[in-house]
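Asks: Sending over a structure as structure tokens; questions will come in a sec.
Bear in mind these aren't lab numbers, they're just calculated from the coordinates by the rules spelled out. Just so it is clear, the structure is predicted and the values come from calculations on it, not from any experiment. Glycine also receives a Cβ, built like all others from the backbone with ideal geometry; neighbour counts cover every protein chain displayed.
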Amino acid sequence: MKSKKPMLVLFISVILIFIIHRLPLPEAVTHVGDARLTSDGQAALGVLVFALILWMTEAVPFHITGLLGIVFLALLGVESYSTIVMHGFGNNIITFFIGVLVLSAFITSSGL
């Protein structure tokens, strides 16, 4: 039986995304000089904490964590999915190739 620790860490990190996204932050954190932390910035901060926790605990492989970060940024409405992918990978077709490679790895490991 596999350890349940990675799933627990993943669950806690996802909960932290939504807590940081909805948590009212103090004025000292949201305003620095003329710069102001918007709600999108607060959501991105939650996704950053999510990724950092998963990278430090190694509960999920780092490449999967990066892809989950992209998905959460899109789900929280920080930016559209296509814009996030364009900034991260350069072209939307790259995500198609990543999906094909992930599916082929699952098929190979399962013996299908």
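Asks: With each label point set 7 Å from Cα along the Cα-Cβ vector, what nm distance links residue 64 and residue 98?
Replies: Placing both labels 7 Å along Cα→Cβ, they lie 1.4 nm apart.
Asks: Mind checking the dipole of segment 5-79: about its Cα centre, +1 per Lys or Arg Cβ, -1 per Asp or Glu Cβ, Debye to the nearest 20?
Replies: My answer is approximately 220 debye.
Asks: Continuing with this model, one more query. Among 46, 107, 57, flag the residue with its Cα farthest along the positive direction of the charge dipole of the chain, charges on Cβ as +1 for Lys/Arg and -1 for Asp/Glu.
Replies: 107
Asks: Given R₀ = 30 Å, what would the calculated FRET efficiency be for residue 105 paired with residue 18, taking r from the Cβ atoms and rounding to 0.05?
Replies: Efficiency, from the Cβ-Cβ distance: 0.50.
Asks: May I pose another question? Tell me the volume per residue, in Å³, of the convex hull enclosing the alpha carbons of the chain.
Replies: So the per-residue Cα hull volume is 123 Å³.
Asks: Counting every Cα pair in segment 39-104, what percent are over 13 Å apart?
Replies: 65 percent
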